[in-house]
Structures are given as C-alpha cells and as structure tokens.
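Just so it is clear, none of the values below were taken in a lab; they were calculated from the coordinates. Predicted model only: the values in this text are computed from it and were never measured. So basically every Cβ, Gly included, is an ideal-geometry build from the backbone, and we count neighbours across all protein chains shown.
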Amino acid sequence: MTLRDNSVWFITGASTGFGAIFARQALEAGHRVVATARDIRALDPLVARFGNRVLPLALDVTDDRAREAAISAAEARFGAIDILVNNAGFGYLAAQEEGQDAEIRQLFEVNVFALAALTRLVLPGQRARGYGHVVNISSVAGLAAKPGVGYYAATKFAVEALSEALSEEVAEFGIRVLLVEPGPFRTDFAGRSILAAPQIDAYRGRVAHQRPASIRARAGQEDGDPERAVQLVLAQLARDDAPLRLALGAVAVDRALEKLEPLVAELKAQRALSIAADHKPEGGA
C-alpha cells in the first residue's frame with residue numbers, strides 16, 4: 001500500500017519538534033495537513049507559507065469534545081483523514097518513588113489515552129474507504145526502560161502494545177500502522193517537553209538520577225537529525241513492504257538490541273523450565 005498523492009494528514013503536536021517537521025515535509029511533498037497544537041498561533045508560519053492546504057486547529061488532546069470537534073472539522077474541510085500522526089506527548093523524569101500522582105496520570109492521559117481516542121475517531125472513515133495510515137510516535141523507551149524514566153517508558157510500552165494489536169486488527173481493511181521509535185534527537189523534547197519530579201536526596205548520585213541528568217546535559221547535542229528522521233518515515237509510508245517498527249538513530253537500534261538479544265537468549269535457556277508449567281498430555285509422564 002503506497003502513500004497516495006495529495007493525502008490528508010492529521011498531526012498532533014504540530015507546532016514544535018517532530019510534529020512541526022512532519023507538517024512541513026508533508027506539505028512540501030504536496031499533501032494537505034490538519035495541524036493541531038494547544039496554541040494555534042504557533043501554526044501561523046505554516047498557514048502563511050502553504051495557505052489553504054493547511055487547516056490549523058487548537059487542540060488539547062486530552063479534551064474529549066475538542067478531539068471530536070477537530071476530527072469533524074478536518075473531515076468537513078478535506079473530506080477524509082488519510083494519515084493520522086499521533087505525535088503529541090511529553091516526557092517525565094522521576095525515580096518511581098519520586099513520581100507524583102497528578103503528573104503520572106496526566107502523562108498517561110496525553111501519551112496513551114489521547115492517542116487511543118484519536119485513533120478510534122479516525123478509524124471508521126479509514127475503514128470505510130479501505131485506506132489509511134496510523135503513525136504512532138513511540139520511543140526506544142517503549143522497548144527498553146531505564147532507571148529514572150520508568151513512568152515515561154510505561155506510556156511508550158503501552159503505545160507499543162496498542163500499535164501491535166491494531167496493526168493486525170485493521171490490516172485487512174487496508175489500514176497500516178507504523179510505530180516510530182526515536183532515540184535522542186535534536187528537537188526541543190529535552191527542554192519544553194519534559195517534566196521532572198521533585199528529587200529525593202537519597203537517590204542523588206545514584207543510577208535513578210544518572211539518566212535524567214544525562215538527558216538534560218545532552219539537550220541540543222543529540223546525535224539524531226529530526227529532518228532526516230521524518231524523511232525516513234515518509235519513505236516508509238510509501239513502501240508496500242514497510243515493517244511495523246522503525247527505530248530511528250544509532251542509539252535506538254543499539255539500545256533495542258541490548259535489550260532484545262539477552263532476552264531471547266534468556267527465554268531459550270529457560271524454555272524447558274517454562275514449559276514444565278503446562279498440563280501434561282493425556283498419558284504423559
């Protein structure tokens with residue numbers, strides 16, 4: 001299933017970072033874009049450059065009515081939503097003991113529940129037309145959780161699970177799912193898109209605080225090039241044989257392999273022990 005010309009994209013978090021680059025590159029490629037952001041004024045440069053091929057919408061992705069209104073406005077303007085890019089999200093730096101209930105719940109509201117709700121709103125139209133893409137921006141943290149970012153990783157593990165299941169549920173309707181798993185990139189994510197919990201002194205200098213400190217220290221110096229990353233995503237969408245997952249950047253690939261290779265070895269090593277828990281066949285020893 002190739003990417004159709006003049007497709008309609010619905011992109012959340014389109015004012016900054018990956019979302020802004022998705023919007024611009026899609027428009028430069030001749031597509032139409034519904035660009036959403038909490039502050040609609042941040043979308044003015046897109047409208048100034050691309051005119052009526054852009055529909056800017058103010059959207060708090062956690063607001064049920066706002067989500068429904070945004071999807072309705074997009075379909076009224078352009079007639080369809082071909083590609084949903086669930087990009088809106090934020091990070092959270094906290095050892096698990098440091099986590100704050102309100103912030104953790106908001107993290108899941110934005111990173112998981114809003115993504116799932118928008119997907120449910122878009123799927124009926126895509127299913128009826130027999131064509132569509134759902135692009136979920138996950139993270140390498142969705143494959144390998146590290147100390148100090150466990151809550152954030154938990155939201156991305158959830159995105160991975162939802163996307164895996166969805167890809168099989170909708171494939172026969174002509175809808176394809178792409179999981180994008182970036183490592184560290186030079187966007188503003190490590191700045192305005194990360195919250196940090198109050199720190200507990202007992203963890204100072206220990207492993208739970210080392211990764212958050214590293215994330216802050218490398219802000220603006222990450223190896224990942226977001227422009228090239230989005231180009232690769234667009235290229236994947238145009239492929240008939242695109243995989244479900246696209247890890248982006250050397251850090252993402254290496255960290256995923258560091259997690260998965262020992263896991264496979266561990267499962268193979270304990271297979272005999274694991275299957276001993278099954279019911280024995282009738283007449284078996």
About the Cα centre, charge dipole magnitude for the chain (Lys/Arg +1, Asp/Glu -1 at Cβ), debye: 500 debye
Between helix 207-217 and the chain: long-axis angle, C-alpha atoms, 0 to 90°, nearest 10: 30 degrees
Over the stretch 8-254, relative contact order from alpha-carbon pairs under 8 Å, at least 6 apart, %: 20 percent
Label-point separation, ALA250 to THR2 (7 Å along Cα→Cβ), nm: 3.4 nm
Positive-end residue of THR12, LEU43, ALA69, charge dipole of the chain with Cβ unit charges: LEU43
Dipole axis of the chain (+1 Lys, Arg; -1 Asp, Glu on Cβ), positive-most option in GLY205, ALA58, ALA102: ALA58
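Peptides 233-244, 12-23: what's the order by average Cβ count within 10 Å, highest mean first?
Averaged packing, sorted descending, gives the order 12-23, 233-244.
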Two-decimal Rg to Rh for the stretch 8-254 - Kirkwood Rh, Cα set: 0.96
Approximate spin-label separation ALA196-GLU282, in nm, with each point projected 7 Å along Cα-to-Cβ: 6.5 nm
Estimated dipole of the stretch 66-189 in Debye, rounded to 20 [Cβ of Lys and Arg +1, of Asp and Glu -1, Cα centre]: 380 debye
Within the stretch 128-189: Cβ-based charge dipole about Cα centre, in debye rounded to nearest 20 (Lys, Arg +1; Asp, Glu -1): 240 debye
Distance histogram in 10 Å bins (all Cα pairs of the stretch 93-159, percent per bin): 20, 42, 24, 11, 3
Degrees separating the helix 17-28 axis from the principal Cα axis of the chain, which is the longest one: 40 degrees
Charge dipole of the stretch 8-254 about the Cα centre (unit charges at C-beta), most positive-ward option of GLY249, THR155, ALA26: ALA26
Span from the the stretch 223-285 Cα centroid across to the the stretch 63-86 one, whole angstrom: 32 Å
Most to least packed among 258-267, 101-110 [average Cβ atoms within 10 Å]: 101-110, 258-267
Degrees, to the nearest 10: 150-170 long Cα axis against longest axis of the chain: 70 degrees
For the stretch 1-150, alpha-carbon Rg relative to the globular expectation (2.2 N^0.38 Å, N residues): 1.08
Ordering of 68-79, 149-160 by burial proxy (mean other Cβ atoms within 10 Å per residue, highest first): 149-160, 68-79
